[in-house]
Amino acid sequence: MLQCLLREVRSCVRYKCGLFNTIQDVLRQRPGWVEVKDDGEWDFNWCDVGWLRENFDHSYMEEHVRINHFRNHYELTRKNLMVKNLKRYRKNLERDIGRMEASRCDFFPCTFALPSEYHLFVEEFKRSPGSTWIMKPVAKSQGKGIFLFRKLKDIMDWKKTRTHIQIDNTALTQDGTRSEEQKDTAQVESYVAQRYIENPYLINGRKFDLRVYVLVTSYVPLKAWLYRDGFARFSSTRFSLSSIDDKYMHLTNVAVQKTAPDYDPEKGCKWQMQQLRRYLTAKHGREMVETLFKEMDNIFVRSLQSVQKVIINDKHCFELYGYDILLDQNLKPWLIEVNASPSHTPSSQEDYEMKCRLLEDTLNVVDMEGRLTGKEKRVGGYDLMWNDGPVYREDVNLETFGSSCFTANTHLGNLTVLLMRTFCGNKSLHFQDK
(Lines give C-alpha, C1' and ligand atoms only; values in the text may rest on other atoms or scores of the structure.)
Protein backbone atom coordinates (compact mmCIF):
# COMPACT_ATOMS: atom_id res chain seq x y z
CA MET A 1 0.00 0.00 0.00
CA LEU A 2 2.79 2.41 0.97
CA GLN A 3 4.71 1.55 -2.20
CA CYS A 4 1.63 2.29 -4.32
CA LEU A 5 1.15 5.59 -2.51
CA LEU A 6 4.76 6.58 -3.14
CA ARG A 7 4.44 5.77 -6.84
CA GLU A 8 1.24 7.83 -7.01
CA VAL A 9 2.98 10.83 -5.47
CA ARG A 10 5.88 10.43 -7.89
CA SER A 11 3.55 10.33 -10.89
CA CYS A 12 3.62 14.15 -10.77
CA VAL A 13 7.15 15.50 -11.05
CA ARG A 14 7.83 19.17 -10.36
CA TYR A 15 10.80 20.31 -12.39
CA LYS A 16 12.97 23.38 -12.64
CA CYS A 17 15.05 24.14 -15.74
CA GLY A 18 17.58 26.92 -16.15
CA LEU A 19 18.29 26.30 -19.84
CA PHE A 20 16.31 27.31 -22.90
CA ASN A 21 16.97 24.75 -25.62
CA THR A 22 16.01 21.18 -26.47
CA ILE A 23 15.86 20.10 -22.81
CA GLN A 24 13.01 22.56 -22.19
CA ASP A 25 11.01 21.01 -25.04
CA VAL A 26 11.60 17.49 -23.72
CA LEU A 27 10.65 18.38 -20.14
CA ARG A 28 7.49 20.22 -21.17
CA GLN A 29 6.28 17.28 -23.27
CA ARG A 30 6.88 14.69 -20.56
CA PRO A 31 3.57 13.35 -19.18
CA GLY A 32 2.94 14.28 -15.55
CA TRP A 33 5.83 16.76 -15.33
CA VAL A 34 5.02 20.30 -14.20
CA GLU A 35 7.39 23.26 -14.38
CA VAL A 36 7.89 25.38 -11.26
CA LYS A 37 9.13 28.95 -11.35
CA ASP A 38 11.47 30.97 -9.17
CA ASP A 39 11.56 29.64 -5.58
CA GLY A 40 8.93 26.93 -5.97
CA GLU A 41 9.72 23.48 -4.56
CA TRP A 42 11.06 21.04 -7.15
CA ASP A 43 11.72 17.32 -7.49
CA PHE A 44 14.02 17.55 -10.50
CA ASN A 45 16.40 20.32 -11.53
CA TRP A 46 18.21 20.60 -14.87
CA CYS A 47 20.49 23.51 -14.03
CA ASP A 48 23.62 25.11 -15.42
CA VAL A 49 26.90 24.81 -13.54
CA GLY A 50 26.66 28.45 -12.43
CA TRP A 51 23.42 27.75 -10.52
CA LEU A 52 25.02 24.65 -9.01
CA ARG A 53 28.03 26.59 -7.78
CA GLU A 54 25.89 29.24 -6.10
CA ASN A 55 23.06 27.13 -4.69
CA PHE A 56 23.97 23.46 -4.22
CA ASP A 57 25.53 23.77 -0.76
CA HIS A 58 22.52 25.74 0.51
CA SER A 59 19.83 23.41 -0.83
CA TYR A 60 18.09 20.72 1.20
CA MET A 61 17.09 17.78 -0.95
CA GLU A 62 14.64 15.07 -0.02
CA GLU A 63 15.34 11.41 -0.83
CA HIS A 64 13.71 11.38 -4.27
CA VAL A 65 15.11 14.69 -5.58
CA ARG A 66 17.53 14.66 -8.55
CA ILE A 67 19.85 17.27 -10.06
CA ASN A 68 21.91 17.00 -13.25
CA HIS A 69 25.44 17.68 -11.92
CA PHE A 70 27.74 16.29 -9.26
CA ARG A 71 29.02 18.94 -6.87
CA ASN A 72 32.64 18.87 -8.15
CA HIS A 73 32.00 17.67 -11.70
CA TYR A 74 34.90 19.90 -12.79
CA GLU A 75 37.43 17.26 -11.64
CA LEU A 76 36.72 15.61 -15.01
CA THR A 77 35.41 18.49 -17.09
CA ARG A 78 38.04 21.18 -16.52
CA LYS A 79 40.85 20.47 -18.95
CA ASN A 80 43.70 20.89 -16.44
CA LEU A 81 42.05 18.81 -13.70
CA MET A 82 41.09 16.04 -16.12
CA VAL A 83 44.73 15.63 -17.15
CA LYS A 84 45.94 15.90 -13.55
CA ASN A 85 43.59 13.10 -12.45
CA LEU A 86 44.44 10.91 -15.45
CA LYS A 87 48.18 11.30 -14.83
CA ARG A 88 47.76 10.37 -11.17
CA TYR A 89 45.57 7.40 -12.04
CA ARG A 90 48.08 6.13 -14.61
CA LYS A 91 50.94 6.52 -12.13
CA ASN A 92 49.03 4.56 -9.48
CA LEU A 93 48.26 1.79 -11.97
CA GLU A 94 51.93 1.48 -12.87
CA ARG A 95 52.91 1.31 -9.21
CA ASP A 96 50.20 -1.16 -8.14
CA ILE A 97 49.80 -3.38 -11.23
CA GLY A 98 52.52 -2.63 -13.76
CA ARG A 99 53.44 -0.74 -16.91
CA MET A 100 51.27 -2.87 -19.19
CA GLU A 101 48.11 -1.91 -17.31
CA ALA A 102 49.20 1.73 -17.05
CA SER A 103 49.75 1.84 -20.83
CA ARG A 104 46.00 1.40 -21.31
CA CYS A 105 45.72 5.01 -20.12
CA ASP A 106 47.91 6.36 -22.92
CA PHE A 107 44.93 7.90 -24.68
CA PHE A 108 45.39 11.62 -23.97
CA PRO A 109 47.96 13.90 -25.63
CA CYS A 110 50.97 15.25 -23.73
CA THR A 111 49.52 18.17 -21.77
CA PHE A 112 50.80 20.83 -19.37
CA ALA A 113 48.87 23.23 -17.14
CA LEU A 114 49.96 26.85 -17.53
CA PRO A 115 51.29 28.83 -15.84
CA SER A 116 52.01 26.28 -13.06
CA GLU A 117 53.85 23.77 -15.32
CA TYR A 118 55.40 26.30 -17.67
CA HIS A 119 59.01 25.22 -17.07
CA LEU A 120 58.13 21.53 -17.59
CA PHE A 121 56.35 22.50 -20.78
CA VAL A 122 59.38 24.41 -22.08
CA GLU A 123 61.62 21.37 -21.46
CA GLU A 124 59.26 19.13 -23.46
CA PHE A 125 58.80 21.77 -26.15
CA LYS A 126 62.56 21.98 -26.76
CA ARG A 127 62.83 18.18 -27.14
CA SER A 128 60.77 18.30 -30.33
CA PRO A 129 61.40 21.59 -32.15
CA GLY A 130 58.97 22.34 -34.94
CA SER A 131 56.11 20.38 -33.38
CA THR A 132 52.68 21.93 -33.27
CA TRP A 133 50.99 22.64 -29.93
CA ILE A 134 47.51 23.87 -29.09
CA MET A 135 46.62 26.27 -26.29
CA LYS A 136 43.22 26.08 -24.59
CA PRO A 137 41.64 27.96 -21.67
CA VAL A 138 40.74 25.37 -19.02
CA ALA A 139 37.20 26.57 -18.34
CA LYS A 140 35.85 27.76 -21.70
CA SER A 141 34.01 25.86 -24.41
CA GLN A 142 32.87 26.20 -28.02
CA GLY A 143 36.42 26.87 -29.24
CA LYS A 144 36.81 30.18 -27.39
CA GLY A 145 40.37 31.31 -26.72
CA ILE A 146 42.04 28.39 -28.55
CA PHE A 147 45.06 28.84 -30.81
CA LEU A 148 47.87 26.73 -32.31
CA PHE A 149 51.56 27.59 -32.08
CA ARG A 150 55.05 26.32 -32.95
CA LYS A 151 57.27 28.94 -31.31
CA LEU A 152 57.81 29.89 -27.69
CA LYS A 153 57.57 33.49 -28.85
CA ASP A 154 53.87 32.87 -29.48
CA ILE A 155 53.47 31.96 -25.80
CA MET A 156 55.22 35.15 -24.72
CA ASP A 157 52.88 37.19 -26.94
CA TRP A 158 49.93 35.34 -25.41
CA LYS A 159 51.15 36.09 -21.86
CA LYS A 160 51.44 39.80 -22.69
CA THR A 161 47.96 39.87 -24.20
CA ARG A 162 46.55 37.98 -21.22
CA THR A 163 48.14 40.41 -18.77
CA HIS A 164 46.67 43.32 -20.74
CA ILE A 165 43.19 41.71 -20.63
CA GLN A 166 43.41 41.19 -16.87
CA ILE A 167 44.40 44.83 -16.37
CA ASP A 168 41.43 45.92 -18.49
CA ASN A 169 39.18 43.78 -16.33
CA THR A 170 39.99 45.87 -13.26
CA ALA A 171 37.94 48.68 -14.82
CA LEU A 172 34.37 48.86 -13.53
CA THR A 173 31.19 49.81 -15.30
CA GLN A 174 29.30 52.98 -14.39
CA ASP A 175 27.33 51.25 -11.65
CA GLY A 176 30.53 50.04 -9.97
CA THR A 177 30.36 46.42 -11.11
CA ARG A 178 32.02 44.29 -13.77
CA SER A 179 30.19 43.35 -16.94
CA GLU A 180 29.35 39.70 -17.59
CA GLU A 181 32.03 39.57 -20.29
CA GLN A 182 34.62 40.94 -17.85
CA LYS A 183 33.63 38.37 -15.23
CA ASP A 184 33.92 35.59 -17.80
CA THR A 185 37.40 36.71 -18.89
CA ALA A 186 38.61 37.23 -15.33
CA GLN A 187 37.65 33.70 -14.33
CA VAL A 188 39.80 32.12 -17.06
CA GLU A 189 43.28 32.40 -15.62
CA SER A 190 44.68 28.99 -16.50
CA TYR A 191 45.36 27.35 -19.83
CA VAL A 192 46.61 23.99 -20.98
CA ALA A 193 49.28 23.55 -23.62
CA GLN A 194 48.69 20.27 -25.42
CA ARG A 195 50.64 18.52 -28.13
CA TYR A 196 48.55 18.83 -31.27
CA ILE A 197 47.55 15.63 -33.06
CA GLU A 198 49.33 16.34 -36.36
CA ASN A 199 48.09 13.21 -38.15
CA PRO A 200 44.30 13.24 -37.66
CA TYR A 201 42.14 10.77 -39.57
CA LEU A 202 40.68 12.64 -42.52
CA ILE A 203 37.50 12.08 -44.53
CA ASN A 204 37.41 13.94 -47.83
CA GLY A 205 40.51 15.76 -46.62
CA ARG A 206 38.74 17.22 -43.59
CA LYS A 207 39.40 16.78 -39.90
CA PHE A 208 36.64 15.69 -37.52
CA ASP A 209 36.10 14.67 -33.92
CA LEU A 210 33.45 12.57 -32.20
CA ARG A 211 30.89 13.62 -29.62
CA VAL A 212 29.89 10.66 -27.45
CA TYR A 213 27.44 10.74 -24.53
CA VAL A 214 28.09 8.96 -21.23
CA LEU A 215 25.59 9.11 -18.36
CA VAL A 216 26.82 8.52 -14.80
CA THR A 217 24.14 7.87 -12.16
CA SER A 218 26.55 6.98 -9.34
CA TYR A 219 30.27 7.12 -8.59
CA VAL A 220 30.16 4.90 -5.49
CA PRO A 221 29.65 2.35 -6.81
CA LEU A 222 30.45 3.52 -10.34
CA LYS A 223 27.44 3.10 -12.62
CA ALA A 224 27.78 4.39 -16.19
CA TRP A 225 25.65 4.20 -19.32
CA LEU A 226 26.86 4.69 -22.92
CA TYR A 227 24.49 6.17 -25.50
CA ARG A 228 24.28 4.36 -28.81
CA ASP A 229 24.06 7.47 -30.94
CA GLY A 230 26.34 10.48 -31.24
CA PHE A 231 27.96 12.31 -34.10
CA ALA A 232 31.14 13.34 -35.88
CA ARG A 233 31.77 17.09 -36.23
CA PHE A 234 33.68 18.10 -39.36
CA SER A 235 35.75 21.13 -40.19
CA SER A 236 34.67 23.04 -43.28
CA THR A 237 38.20 23.45 -44.70
CA ARG A 238 40.56 20.75 -45.96
CA PHE A 239 43.27 19.94 -43.40
CA SER A 240 46.86 21.14 -43.75
CA LEU A 241 49.65 21.86 -41.29
CA SER A 242 50.94 24.64 -43.53
CA SER A 243 48.41 27.02 -42.00
CA ILE A 244 47.92 26.80 -38.25
CA ASP A 245 45.96 30.05 -37.94
CA ASP A 246 42.86 28.86 -39.82
CA LYS A 247 40.28 28.03 -37.13
CA TYR A 248 37.86 26.59 -39.69
CA MET A 249 40.50 24.00 -40.57
CA HIS A 250 41.66 22.95 -37.11
CA LEU A 251 38.67 23.48 -34.77
CA THR A 252 35.64 21.24 -35.31
CA ASN A 253 33.34 22.96 -32.77
CA VAL A 254 29.96 23.73 -34.34
CA ALA A 255 30.04 27.16 -32.68
CA VAL A 256 33.16 27.89 -34.75
CA GLN A 257 32.15 26.17 -37.98
CA LYS A 258 28.76 27.88 -38.26
CA THR A 259 30.56 31.23 -38.64
CA ALA A 260 32.43 29.97 -41.72
CA PRO A 261 31.53 31.86 -44.92
CA ASP A 262 30.40 28.70 -46.74
CA TYR A 263 28.52 27.10 -43.82
CA ASP A 264 25.19 25.53 -44.86
CA PRO A 265 22.75 25.46 -41.91
CA GLU A 266 20.62 22.82 -43.65
CA LYS A 267 23.49 20.37 -44.16
CA GLY A 268 25.47 21.38 -41.07
CA CYS A 269 28.86 19.78 -40.56
CA LYS A 270 27.93 16.51 -38.85
CA TRP A 271 27.63 12.80 -39.52
CA GLN A 272 25.56 10.61 -37.26
CA MET A 273 27.64 8.00 -35.45
CA GLN A 274 26.16 5.07 -37.38
CA GLN A 275 27.10 6.77 -40.67
CA LEU A 276 30.70 7.12 -39.52
CA ARG A 277 30.86 3.53 -38.28
CA ARG A 278 29.48 2.28 -41.59
CA TYR A 279 32.09 4.33 -43.52
CA LEU A 280 34.99 3.08 -41.38
CA THR A 281 33.81 -0.53 -41.61
CA ALA A 282 33.60 -0.35 -45.40
CA LYS A 283 37.10 1.08 -45.58
CA HIS A 284 38.96 -0.85 -42.87
CA GLY A 285 36.90 -3.95 -42.12
CA ARG A 286 34.73 -4.95 -39.19
CA GLU A 287 37.53 -6.31 -36.98
CA MET A 288 39.58 -3.10 -37.06
CA VAL A 289 36.55 -0.95 -36.33
CA GLU A 290 35.47 -3.23 -33.46
CA THR A 291 38.95 -2.75 -31.97
CA LEU A 292 38.61 1.03 -32.32
CA PHE A 293 35.28 1.12 -30.50
CA LYS A 294 36.62 -1.17 -27.74
CA GLU A 295 39.47 1.28 -27.24
CA MET A 296 36.91 4.06 -26.94
CA ASP A 297 35.04 2.03 -24.31
CA ASN A 298 38.34 1.82 -22.44
CA ILE A 299 38.66 5.63 -22.54
CA PHE A 300 35.20 6.15 -21.03
CA VAL A 301 35.70 3.67 -18.19
CA ARG A 302 39.29 4.64 -17.32
CA SER A 303 38.55 8.36 -17.31
CA LEU A 304 35.62 7.85 -14.93
CA GLN A 305 37.73 5.62 -12.69
CA SER A 306 40.43 8.32 -12.59
CA VAL A 307 38.04 10.67 -10.75
CA GLN A 308 35.99 8.09 -8.87
CA LYS A 309 37.78 8.75 -5.57
CA VAL A 310 37.70 12.55 -5.84
CA ILE A 311 34.16 13.19 -7.11
CA ILE A 312 31.79 13.87 -4.22
CA ASN A 313 29.23 11.13 -4.71
CA ASP A 314 25.67 12.13 -3.94
CA LYS A 315 22.59 9.97 -4.53
CA HIS A 316 20.71 13.07 -5.70
CA CYS A 317 23.12 13.68 -8.58
CA PHE A 318 23.65 12.39 -12.09
CA GLU A 319 25.80 13.70 -14.94
CA LEU A 320 25.42 13.58 -18.71
CA TYR A 321 28.96 13.96 -20.08
CA GLY A 322 29.84 14.90 -23.63
CA TYR A 323 33.12 13.19 -24.57
CA ASP A 324 35.19 14.64 -27.40
CA ILE A 325 37.30 11.97 -29.13
CA LEU A 326 39.75 12.49 -32.00
CA LEU A 327 40.95 9.68 -34.27
CA ASP A 328 44.43 9.67 -35.81
CA GLN A 329 45.53 8.07 -39.08
CA ASN A 330 46.18 4.77 -37.28
CA LEU A 331 42.60 4.70 -35.96
CA LYS A 332 43.85 5.36 -32.44
CA PRO A 333 41.27 7.30 -30.39
CA TRP A 334 42.48 10.26 -28.31
CA LEU A 335 40.53 11.86 -25.47
CA ILE A 336 40.50 15.61 -26.10
CA GLU A 337 38.12 16.75 -23.36
CA VAL A 338 34.95 15.96 -21.41
CA ASN A 339 32.07 18.43 -21.19
CA ALA A 340 29.76 18.78 -18.18
CA SER A 341 27.25 20.79 -20.19
CA PRO A 342 27.33 19.39 -23.72
CA SER A 343 25.35 21.62 -26.05
CA HIS A 344 21.75 20.59 -26.61
CA THR A 345 21.16 23.39 -29.11
CA PRO A 346 20.43 21.67 -32.43
CA SER A 347 22.27 22.52 -35.65
CA SER A 348 19.66 20.82 -37.90
CA GLN A 349 16.34 18.98 -37.72
CA GLU A 350 18.14 15.63 -37.62
CA ASP A 351 20.34 16.91 -34.79
CA TYR A 352 17.26 18.13 -32.89
CA GLU A 353 15.58 14.74 -33.16
CA MET A 354 18.70 12.92 -31.98
CA LYS A 355 19.09 15.24 -28.97
CA CYS A 356 15.42 14.87 -28.08
CA ARG A 357 15.85 11.07 -28.03
CA LEU A 358 19.03 11.43 -25.96
CA LEU A 359 17.38 13.63 -23.34
CA GLU A 360 14.19 11.55 -23.19
CA ASP A 361 16.27 8.43 -22.61
CA THR A 362 18.36 10.26 -19.99
CA LEU A 363 15.19 11.03 -18.06
CA ASN A 364 14.11 7.41 -18.43
CA VAL A 365 17.36 6.18 -16.88
CA VAL A 366 17.17 8.73 -14.04
CA ASP A 367 13.64 7.36 -13.55
CA MET A 368 11.85 9.94 -11.44
CA GLU A 369 8.64 7.97 -11.96
CA GLY A 370 10.04 4.80 -10.36
CA ARG A 371 9.32 2.48 -13.29
CA LEU A 372 12.65 0.61 -13.47
CA THR A 373 13.59 -2.51 -11.53
CA GLY A 374 17.28 -1.58 -11.20
CA LYS A 375 18.33 -4.68 -13.15
CA GLU A 376 18.05 -3.19 -16.64
CA LYS A 377 21.03 -3.42 -18.98
CA ARG A 378 19.39 -1.27 -21.60
CA VAL A 379 17.03 1.69 -21.36
CA GLY A 380 16.08 3.27 -24.67
CA GLY A 381 19.30 4.18 -26.47
CA TYR A 382 21.45 3.66 -23.37
CA ASP A 383 23.44 0.51 -22.59
CA LEU A 384 24.73 -0.13 -19.08
CA MET A 385 28.49 -0.11 -19.58
CA TRP A 386 29.76 -0.35 -16.01
CA ASN A 387 28.00 -1.37 -12.80
CA ASP A 388 30.69 -1.63 -10.10
CA GLY A 389 32.48 -3.73 -12.72
CA PRO A 390 32.22 -4.42 -16.46
CA VAL A 391 28.83 -5.32 -17.90
CA TYR A 392 29.09 -7.96 -20.61
CA ARG A 393 27.02 -8.53 -23.70
CA GLU A 394 24.58 -11.41 -23.49
CA ASP A 395 26.36 -13.46 -26.19
CA VAL A 396 29.78 -13.40 -24.50
CA ASN A 397 31.25 -16.62 -23.09
CA LEU A 398 32.95 -15.35 -19.93
CA GLU A 399 35.25 -18.39 -19.74
CA THR A 400 37.04 -17.28 -22.91
CA PHE A 401 37.87 -13.80 -21.65
CA GLY A 402 40.54 -12.69 -19.19
CA SER A 403 40.13 -9.79 -16.78
CA SER A 404 41.84 -7.34 -19.15
CA CYS A 405 39.90 -8.42 -22.26
CA PHE A 406 36.12 -8.28 -22.27
CA THR A 407 33.35 -7.41 -24.70
CA ALA A 408 31.49 -4.58 -23.05
CA ASN A 409 27.72 -4.22 -23.22
CA THR A 410 28.10 -1.28 -25.63
CA HIS A 411 26.68 -0.63 -29.08
CA LEU A 412 27.97 2.83 -30.02
CA GLY A 413 27.02 3.62 -33.61
CA ASN A 414 25.70 0.10 -34.16
CA LEU A 415 23.64 0.54 -37.32
CA THR A 416 21.49 -2.59 -36.95
CA VAL A 417 20.43 -1.77 -33.39
CA LEU A 418 19.69 1.86 -34.22
CA LEU A 419 17.63 0.94 -37.27
CA MET A 420 15.57 -1.51 -35.21
CA ARG A 421 14.85 1.26 -32.73
CA THR A 422 13.84 3.65 -35.52
CA PHE A 423 11.43 1.10 -37.03
CA CYS A 424 9.90 0.43 -33.61
CA GLY A 425 9.29 4.15 -33.11
CA ASN A 426 11.41 6.75 -31.35
CA LYS A 427 8.78 7.45 -28.70
CA SER A 428 8.66 3.87 -27.44
CA LEU A 429 10.60 2.87 -24.37
CA HIS A 430 12.79 -0.21 -24.34
CA PHE A 431 13.59 -1.63 -20.93
CA GLN A 432 15.69 -4.78 -20.85
CA ASP A 433 16.81 -6.57 -17.71
CA LYS A 434 18.24 -9.80 -19.10
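Share of carbon and sulfur in the accessible area of the stretch 290-338 stands at 47%, probe radius 1.4 Å.
Accessible area per residue for the stretch 280-382 in Å², computed with a 1.4 Å probe and the full protein assembly in place, what is it?
37
At the residue level, residue 88 shows approximately 90 square angstrom of accessible surface with a 1.4 angstrom probe and all protein chains present. R0 = 30 Å: FRET efficiency of residue 393 with residue 350, Cβ-based, nearest 0.05? Between residue 393 and residue 350 the formula returns 0.60. Note on the stretch 28-147: with neighbouring protein chains present and a 1.4 Å probe, carbon and sulfur make up 48 percent of its accessible heavy-atom surface. With no solvent and one point per C-alpha, what does the Debye sum give as log10 I(q)/I(0) for the stretch 13-62 at q = 0.19, 0.23, 0.27 Å⁻¹? With no solvent term, the Cα-only Debye profile gives -0.63, -0.90, -1.15. Checked against a 25 Å cut-off, the cross-linked pairs 79/309; 126/207; 283/332 give Cα-Cα distances beyond that limit for 126/207. Solvent exposure of the stretch 17-149 amounts to 53 Å² per residue of accessible area, where only protein heavy atoms count and the probe is 1.4 Å. Label-to-label distance, residue 142 versus residue 313, with points set 7 angstrom from Cα along the beta-carbon direction: 3.6 nm. The calculated FRET efficiency for residue 242 paired with residue 220, based on their beta-carbon distance and R0 = 56 Å, is about 0.70.
Looking at the stretch 203-245, the accessible area is 29 square angstrom per residue; that uses a 1.4 Å probe and ignores ligands, DNA and RNA. Summarising the label geometry, the points placed 7 Å from Cα in the beta-carbon direction at residue 60 and residue 99 lie 5.7 nm from one another. The amide H of residue 219, built 1.01 Å from its N in the peptide plane, has 314 as neighbours under 5 Å, considering only residues 5 or more places off or on other chains.
The values are calculated or read from the model by the stated rules, or taken from the named source; none is laboratory data. Fair warning: this is a prediction, and the values are worked out from it, not measured in the lab. Glycine also receives a Cβ, built like all others from the backbone with ideal geometry; neighbour counts cover every protein chain displayed. SASA here: full protein model, heavy atoms, side chains in, ligands and nucleic acids out. Shrake-Rupley method; radii C 1.70, N 1.55, O 1.52, S 1.80 Å.
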